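Since the structure comes first, as structure tokens, the remarks are kept for the end.
Bear in mind that the values in this text are calculations on the coordinates, not laboratory data. Fair warning: this is a prediction, and the values are worked out from it, not measured in the lab. Here the Cβ positions follow ideal geometry from the backbone for every residue, glycine too, while neighbour counts run over all protein chains shown.
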């Protein structure tokens with residue numbers, strides 16, 4: 001009897017899960033728009049043009065780098081400046097997507113950053129002095145879209161991998 005109850009419970013759960021996974025054509029259309037926005041945004045990053053990247057962000061967009069000491073950057077102009085600094089500090093910056101999952105108004109992108117800074121650089125509150133040549137850092141972005149623009153970009157970087165290739169120098173202040 002317990003086996004029959006487990007079988008019925010499992011069947012009901014399976015039916016509920018399948019029902020939750022079905023999308024309407026409207027939802028699929030929204031996901032396709034997000035996929036197109038994601039592709040265009042990725043191309044902007046490949047161009048290494050901070051103004052082009054920032055042009056995909058809304059006026060009140062937020063960029064949140066989830067590492068110790070990082071502050072939320074708000075606004076297209078401030079985000080452009082932050083990306084200019086990031087790209088200047090990492091002249092060999094490149095990335096390779098390993099996984100992309102889209103929803104109706106968001107995308108999650110898992111990727112590997114390849115970089116090899118030639119001078120100290122700051123991430124959050126910590127300055128790092130590079131001690132190896134090019135290396136890869138696992139990262140994940142959660143990007144939220146509103147009205148065809150990036151409303152928020154949350155970036156999660158594996159700082160432990162960074163520590164394997166660059167020595168933390170000091171907290172706060174200038175990295176020069």
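The smallest convex shape that holds all Cα atoms of the range 25-171, its convex hull, gives 92 Å³ per residue.
Modelled spin labels at residue 67 and residue 98, positioned 7 Å past Cα toward Cβ, are 1.7 nm from each other.
If you plug the beta carbon distance of residue 110 and residue 163 into 1/(1 + (r/R0)^6) with R0 = 30 Å, you get a FRET efficiency near 0.90. By the beta-carbon count within 10 Å of each Cβ, the least crowded to most crowded order of 142, 37, fewest first, is 142, 37.
Each of 165, 66 has some number of other Cβ atoms within 10 Å of its Cβ, and from fewest to most they run 66, 165.
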